[in-house]
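To start, the structure under review is shown below, and the notes come after it.
The values are calculated or read from the model by the stated rules, or taken from the named source; none is laboratory data. Just so we're clear, the structure is a prediction, and the values are computed from it rather than from any experiment. All Cβ positions, even for glycine, are placed from backbone atoms using ideal geometry, and neighbour counts span all protein chains on display.
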Amino acid sequence: MTAVAPTRPKPVGVIGPSKGVSTFFETTSSWWGILALLLIWEIAGQVADLVWLPPVTEVIATLWQLFVDGVIQPHLGASLWSLFVGFSVSLVVGLIVGTLMGLSTTINSALDIFVNAMLFTPALIFAPILFAVFGLSDVTRISVVVLYAMFIIIINTAEGVRNVDDPLLDMAASFGASRWTAVRRIILPSAYPLIIAGLRLGAGRAVKGMINGEMFIALIGLGGLSASYGKSLQFPEVWAMALFIMIVAIIINQGVSIIERKLTAWYD
Amino acid sequence: MISIKDVSHRYTAKGREETVALSNVNLEIEDNEFVTIIGPSGCGKTTLMRAVGGLVQPTEGEITIDGQRVTGPHQQAAVVFQNFALLPWASILDNVAFGLELQGMGKADRIAKAEQYIKRVGLSGFERKYPRELSGGMQQRVGLARALAVETPILLMDEPFGALDQQTRRYMQEELIQIWEGDRRTVIFVTHDMEEAVLLGDKVVLMSARPGKIEEVIDVDIARPRDPEAVERSEVFAEKKEYLWRRLREMYQVTA
Ligand SMILES: Nc1ncnc2c1ncn2[C@@H]1O[C@H](COP(=O)(O)OP(=O)(O)O)[C@@H](O)[C@H]1O
Ligand SMILES: [Mg+2]
């Protein structure tokens, strides 16, 4: 008879690595879908003649003009910068805190509730406080990105670390591995698939956090530009920004998927 | 020489009754001896083996290896695990080299040594494969090569063929006899298979679960090198197997 550890239910936040991500652009049928949607949009816009629904051709022309006039570029730069910094911070802090939570039941029981609560809380509710503390500086927007992205990374990392196969730890110990060696050579490699999945989910949430934070401050970044058009009811511009943000999000998602597949190709 | 003196071990887990896994075990194992341990499941075989490896610290008594007291994992013994315990993300070569790497051996040296032992267990050509691409028998050869590669004087094997089907197990037993006879180490081999215990061992240690006691140490006086098929046809083999079976049946009746 061997001792069996009680099975632990998976926390709600954990999602496994995506197997064979079929990318958006790979299927021709999704191209047809997009084309059909644009056509309906165009016809509806032309026929209905509503202020809030400009035809797609007008929206695309507006978007083009925003580029030609150099309006979008600095905002795009600001957005990507806060995304990059915010995601990097989330990555480093998330991996460290997640690993510690996975290794130590004490740290885990101290932080678990808090981390899970933060995962499901729309982090935007903290924006006024962040704004009060950091004002108009980049830190406010970066903090919102971090609040959106970090917790899923923590949770997935902790779960991956916790799920390590005990016999492997036993094996490493039998060859004289120290605790630190076991973490490096056994625990982190076996947590790898869940960690990567957490990073992918974190990246998606970071994009959301970036736009939401910017819309709250309504001054800087793609979200800020979009919010200011919204206030002045410039609907072609609002649509143009929405379209552009969707394109940016899709490109980032594609990039992350490709990186994820590269990083997990060697791992079964 | 491994000497186990008055060793007892109790497991105390929170919220559970204590389990006496070993009580007053005394055993001496000579260098280069092949000792098999057999007994009903739960009688403390694994605990005893782990204690020799320093993976369990017995609550009473002491274990010494060449006079040195065992207080933790040490470089005198390497373990072969029943569930193979291979790193799924590492190639066969890296798996075999893992113990050497933990010992701090340089890359070129450990690869050369790992290749040597991969060859010895008959896995040449599989260096770049991953554990999941190998059959159970082959995976355990990897486990064996990894343990052999660190060149410890002692090998601890905990039901290493227990997870294999019968033909594979039989084949692995033959291979192990061959490998061991060409490269003698002190082996403690835990099994629940009576034929395996007699076929492989110089001595069979019979344990009972009342609780964790050594009942008897049986000498297997079959000459080396052993030819497995000849051994199985021999009278001594039949007699020892018969005897073991009788003793184990008695134990079963006591506990059932
Ligand atoms: N880590 C542990 N914690 C508590 N009890 C254990 C532990 N490991 C083994 N035991 C108990 O100790 C006894 C001996 O176990 P073990 O040495 O694994 O026996 P065997 O290998 O002969 O089956 C069993 O009753 C088992 O349930
Ligand atoms: Mg056992």
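Take the conditions at positive phi, away from ligand 2 (no atom under 16 Å from the Cβ), more than 14 Å from chain A (Cβ to nearest Cβ) and not small (Gly, Ala, Ser) and apply them to B:ASP66. Does it pass? The answer is yes for B:ASP66. Entry remark, the range B:102-111: residues being part of a helix (DSSP H, G or I) and buried (at least 16 other Cβ atoms within 10 Å of the Cβ) number 3 in total. Checking the stated criteria, B:VAL56 turns out to be surrounded by fewer than 22 Cβ atoms within 10 Å (Cβ to Cβ), over 13 Å from the mean Cα position of the chain (by Cα) and in contact (Cβ under 8 Å) with a residue 40 or more places away in the chain.
Could you tell me which residue of the range A:165-220 is surrounded by the fewest Cβ atoms within 10 Å (Cβ to Cβ), considering only residues that are closer than 30 Å to B:PHE81 by Cβ and of a type in the set (Val, Ile, Thr)? Within the range A:165-220, the match that is surrounded by the fewest Cβ atoms within 10 Å (Cβ to Cβ) is A:THR181. Looking at the range A:131-158 only, could you name the residues that are farther than 11 Å from A:SER82 by Cβ, at pLDDT below 95 and either of a type in the set (Phe, Trp, Tyr) or not in a helix (DSSP H, G or I) (or both)? Those that are farther than 11 Å from A:SER82 by Cβ, at pLDDT below 95 and either of a type in the set (Phe, Trp, Tyr) or not in a helix (DSSP H, G or I) (or both): A:PHE131, A:PHE134, A:GLY135, A:LEU136. Total residues in the range B:148-183 satisfying the condition of being within 14 Å of chain A (Cβ to nearest Cβ), of a type outside the set (A, V, I, L, M) and within 16 Å of ligand 2 (Cβ to nearest atom): the figure is 4. Being over 23 Å from A:ALA132 (Cβ atoms), assigned to a helix (DSSP H, G or I) and more than 17 Å from the chain's Cα centre (by Cα) is the filter here; which residues of the range A:205-232 pass it? Answer for the range A:205-232, where residues must be over 23 Å from A:ALA132 (Cβ atoms), assigned to a helix (DSSP H, G or I) and more than 17 Å from the chain's Cα centre (by Cα): A:LEU225, A:SER226, A:TYR229, A:GLY230.
Scan the range B:185-208 residue by residue and report those that are surrounded by fewer than 19 Cβ atoms within 10 Å (Cβ to Cβ) and within 13 Å of ligand 1 (Cβ to nearest atom). Passing the criteria: only B:HIS192. Here A:TRP239 passes the criteria (1) surrounded by fewer than 19 Cβ atoms within 10 Å (Cβ to Cβ); (2) touching a residue at least 60 places away in the same chain (Cβ under 8 Å); (3) farther than 25 Å from A:VAL89 by Cα except the one numbered (1).
When each of A:ILE154, A:ILE113, A:ILE125, A:ILE129 is tested for being closer than 21 Å to A:PRO189 by Cα and aliphatic (A, V, I, L, M), the lone residue that passes is A:ILE154. The condition of being at the interface with chain A (Cβ under 9 Å from one of its Cβ atoms) and crowded, with 19+ Cβ neighbours inside 10 Å holds for only one of B:ALA78, B:ALA114, B:ALA145, that being B:ALA78. From the set of residues in the range B:207-229 that are aliphatic (A, V, I, L, M) and within 16 Å of ligand 2 (Cβ to nearest atom), which is nearest to the other protein chains (Cβ to nearest Cβ)? Ranking the qualifying residues of the range B:207-229, first place goes to B:ALA209. Selection over the range B:21-36 of residues that are away from every other protein chain (no Cβ under 14 Å) and within 16 Å of ligand 2 (Cβ to nearest atom) gives a count of 4.
Where helices (runs of 4 or more DSSP H) fall entirely within the range A:19-110, those with at least 1 residues that are in contact (Cβ under 8 Å) with a residue 24 or more places away in the chain are at A:56-68, A:72-103. Would you check if there is a residue in the range A:139-148 being more than 25 Å from A:ARG200 (Cβ to Cβ) and surrounded by fewer than 17 Cβ atoms within 10 Å (Cβ to Cβ)? Yes, the conditions are met somewhere in the range A:139-148. Against the test of being in a helix (DSSP H, G or I) and either within 11 Å of chain A (Cβ to nearest Cβ) or without any contact (Cβ under 8 Å) to a residue 60 or more places away in the chain (or both), the options B:GLY61, B:GLY72, B:GLY99, B:GLY42 yield a single qualifying residue, B:GLY99.
Set side by side, the residues A:LEU194, A:LEU147 differ, and just one is of a type outside the set (D, E, K, R), touching a residue at least 24 places away in the same chain (Cβ under 8 Å) and within 14 Å of chain B (Cβ to nearest Cβ), which is A:LEU194.
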